[in-house]
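Peer 1: Pasting a structure below so you can have a look.
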Amino acid sequence: PAEIGASATSHTHTPLSLGAESAIVYGSNANGNYIKYANGTMVCYGTVNFTSNVTVAFGAMYYDATQRAVTYPVAFVGNPHVVATGHDCFLVSLVTNTTKTNYWVYKAGSATGVYLGIIWTAYGRWKA
């Protein structure tokens, strides 16, 4: 369909059928994976890994002064619902919009040069 071709030209995509509900296309790029369904629903998912300095004290916790962003592989038409968990860290969501979610990363102890990750899934719409 023309709606998909215009927004997914730089993505790898493949038609997919899941029984009664057909996905028009699924694919991936450097930001993660996505599945677009015929009814307008889209699911994006992935993992963001990074090295962090979690050294700013906040009560009994410590956080990284650098916000971490999850950028979706394909933009949503409205703000999606996002579920994320931290790999060896806690997350606090700051802003979710149609293209990304920003997080503060927390740990129970201060650490520098620690390898952390965000495992995420976003649910929303690719067409109205």
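Peer 1: Accessible area, 1.4 Å probe, largest first: how do Tyr106, Tyr115 sort?
Peer 2: Tyr115, Tyr106
Peer 1: Report the accessible area of Lys127, computed with a 1.4 Å probe over the heavy atoms of all protein chains in place, in Å² rounded to the nearest 10.
Peer 2: That residue has around 70 Å² of solvent-accessible surface.
Peer 1: Rounded to the nearest percent, how much of the accessible area of region 26-106 (1.4 Å probe, protein heavy atoms only) is carbon and sulfur?
Peer 2: 52 percent
Peer 1: Under the 0.36 nm per residue contour assumption, what length would be gained going from the current alpha-carbon distance of Ser22 and Leu94 to full extension?
Peer 2: Full extension from Ser22 to Leu94 adds 22.6 nm.
Peer 1: With a point put 7 Å past each Cα toward its Cβ, work out how far Ala108 is from Ala69 in nm, to one decimal.
Peer 2: My value for the distance between the label points is 3.2 nm.
Peer 1: As an exercise, use a Förster radius of 30 Å and the Cβ-Cβ distance of Asn39 and His87 to find the FRET efficiency, rounded to the nearest 0.05.
Peer 2: 0.40
Peer 1: Also, quick follow-up: Below 13 angstrom from the Cβ of Ile119, what's the summed charge of the other residues (Lys, Arg +1; Asp, Glu -1)? Each step should come with its number before you reach the end.
Peer 2: On the way: positive: Arg68; negative: Asp88.
Taking every other residue near Ile119 into account, the sum is 0.
The values are calculated or read from the model by the stated rules, or taken from the named source; none is laboratory data. Being a predicted model, the structure only gives us computed values, none of them experimental. Note that each Cβ is placed from the backbone with ideal geometry, even for glycine, and that neighbours are counted across all protein chains shown. Surface accessibility is based on the protein's heavy atoms, side chains included, excluding ligands, DNA and RNA. Shrake-Rupley method; radii C 1.70, N 1.55, O 1.52, S 1.80 Å.
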